[in-house]
Amino acid sequence: MMEFHTLAEFSRTNCVATCAFLVPANLIATLLTMILVLLRRPSHQIWQAAGFACLLAFVMVSHVYTWFTIGVVMAPTFILLSLAMTCLLINSGALVYHGWYGFHR
């Protein structure tokens, strides 16, 4: 069984590769959620896209917190954390917006 320490070390060791994947993946997944809401697609499609985007954002938050645990407090950590939180906020907002306005129109 993997321990948290081992997973955190792996995340920090492969930081460039992790961020090179997570940053575009978060942006594309969040953009997909916004497009699906604008096109008024069915709820299950929006829930799937937003759920996947939130999962990617949570992984990015976890990656940044591994840096915070060892005391690395720099601009890139805050930029990545704000990107992940923005993606979480947009996807949550898309679910709320679609939930309120998707069924009444």
Out of Leu89, Leu55, Leu27, Leu31, sole residue that is touching a helix residue (DSSP H, G or I) at 6+ places or on another chain (Cβ under 8 Å) and either at pLDDT 95 or above or within 22 Å of His5 (Cβ to Cβ) (or both): Leu27
Whichever residue in region 24-64 is of a type in the set (Gly, Ala, Ser) and out of contact with any His (no Cβ under 9 Å at 6 or more places or on another chain) and, among such residues, is farthest from Phe78 (Cα to Cα): Ala49
Tyr65, sole failed condition from (1) closer than 20 Å to Ser11 by Cβ; (2) in contact (Cβ under 8 Å) with a residue 60 or more places away in the chain: (2)
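The values are calculated or read from the model by the stated rules, or taken from the named source; none is laboratory data. Note that the structure is a prediction, hence the values are computed from the model and not measured. Positions of Cβ are generated from backbone atoms using ideal geometry, with glycine treated the same way; all protein chains shown enter the neighbour counts.
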